[in-house]
Structure formats: structure tokens, C-alpha cells
1. Can you say whether residue 48 is touching a residue at least 12 places away in the same chain (Cβ under 8 Å) and out of contact with any Phe, Trp or Tyr (no Cβ under 7 Å at 6 or more places or on another chain), as far as the supplied structure shows?
2. Can you list residue pairs whose Cβ atoms sit under 8 Å apart, with the first residue in region 86-99 being without any contact (Cβ under 8 Å) to a residue 40 or more places away in the chain and within 16 Å of residue 68 (Cβ to Cβ) and the second being surrounded by fewer than 21 Cβ atoms within 10 Å (Cβ to Cβ) and basic (Lys, Arg)? Count only pairs 6 or more apart in sequence or on different chains.
3. Can you tell me which of 66, 74, 115, 58 is of a type in the set (Gly, Ala, Ser) and touching a residue at least 60 places away in the same chain (Cβ under 8 Å)?
4. Being closer than 19 Å to residue 74 by Cα and either among the acidic types (Asp, Glu) or open to solvent by 20 Å² or more (accessible area, probe 1.4 Å) (or both) is the filter here, so list the residues in region 36-55 that pass it.
5. Please work out if residue 81 is hydroxyl-bearing (Ser, Thr, Tyr) and either over 12 Å from the mean Cα position of the chain (by Cα) or farther than 12 Å from residue 110 by Cα (or both).
6. Answer yes if at least one residue in region 15-27 is within 16 Å of the chain's Cα centre (by Cα) and free of Cβ contacts under 8 Å to residues at least 12 places away in the same chain, and no otherwise.
Amino acid sequence: MSAENSLFPLGQPLPQDWFTGEAFLTLLVGQDHNNEFSAGSVTFKVGARTNWHTHPKGQVLIVIEGEGFYQEKGNPARKITKGDVVNIPENIEHWHGASNTSTMTHIAITNFKEGVQVAWLQPVTTEEYAQVNQATY
């Protein structure tokens, strides 16, 4: 999908310290005195993905465009596409991102616990990512 047809603007590039490939964030709702969460539109270009990470109070992903993957450590990856909702429990090590053939955009609703919303871990290796993309779904 082209940027001019997207529901939200592409947004700001996300740090390569936490992402492999090109990923962008448009903040939709920030944490404030009414909300103990933030919500943002995250766009992953083909092949882009998060590092492994956890959320101390959980996260919800709502896929709005494209095709990608969600994987919890020790479990098979799950293909995610437009309309899918992923409810991620607190402190579960996981990653998510686009496939190697499609971009993917999701809304990420991330809760805060004592001022923290994410703990970043190691990158998803090229081998881990290739294995997910070669699996049959």
C-alpha cells in the first residue's frame, strides 16, 4: 500500500537498536493522566521486524495492512494479516514484523507499569527470520 493511501502517516523512523530493517511510528495516543497506555501505528517495510522484547503489562496489536508474523519465544510463529488482533500477555518474550514479501502495519496498544512499557532484548537472527518465512501456513 502506498503512503498516500495509508490510514495514518508513515511517521518517524524507529531506532535500529530495537528494529531490523525499516520501521516507522506514528504516535496516536500518548500516556497521560487519563491513559496508562500509548497507542501507535507501526509500519514495517518488507523484511523489517522488532527485536525480541517483553512488556511488563502486556500489549495488543491490531493489524490494519499487509502481512507479517508474531512469535513467542519457544513457540512457532503465527502469520498475521489485516484484521488480526494479537493479545500479548505481560512479560512474554516475543517479536513481530513484516514478512519477507510484504509490508505490514499494526496499531500497537502498549500498557505501562511503573513508567515502563517495554524491555528490549536481542535481535531476531537472520536464521530465525528466514525459518519463519519458509514455513508453510
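The values are calculated or read from the model by the stated rules, or taken from the named source; none is laboratory data. Everything quoted here is computed from the prediction, not taken from an experiment. So basically every Cβ, Gly included, is an ideal-geometry build from the backbone, and we count neighbours across all protein chains shown. Protein only, heavy atoms only, side chains kept; ligands, DNA and RNA dropped before computing areas. Shrake-Rupley method; radii C 1.70, N 1.55, O 1.52, S 1.80 Å.
1. Details: touching a residue at least 12 places away in the same chain (Cβ under 8 Å): yes; out of contact with any Phe, Trp or Tyr (no Cβ under 7 Å at 6 or more places or on another chain): no.
Considered against the rule, which asks whether it is touching a residue at least 12 places away in the same chain (Cβ under 8 Å) and out of contact with any Phe, Trp or Tyr (no Cβ under 7 Å at 6 or more places or on another chain), residue 48 comes out as no.
2. 86/78
3. On the way: 74 fails: touching a residue at least 60 places away in the same chain (Cβ under 8 Å); 115 fails: touching a residue at least 60 places away in the same chain (Cβ under 8 Å); 58 fails: touching a residue at least 60 places away in the same chain (Cβ under 8 Å).
Just a single option satisfies the conditions, and that option is 66.
4. So the first thing to find is which residues in region 36-55 are closer than 19 Å to residue 74 by Cα, and the list is 49-55.
Within region 36-55, just 54 meets the criteria.
5. Details: hydroxyl-bearing (Ser, Thr, Tyr): yes; either over 12 Å from the mean Cα position of the chain (by Cα) or farther than 12 Å from residue 110 by Cα (or both): yes.
Judged against the criteria, residue 81 is a match.
6. Here is the first cut: in region 15-27, the ones within 16 Å of the chain's Cα centre (by Cα) are 15-27.
Retained after the next criterion (residues that are free of Cβ contacts under 8 Å to residues at least 12 places away in the same chain): 15-16.
Checked region 15-27: at least one residue is within 16 Å of the chain's Cα centre (by Cα) and free of Cβ contacts under 8 Å to residues at least 12 places away in the same chain.
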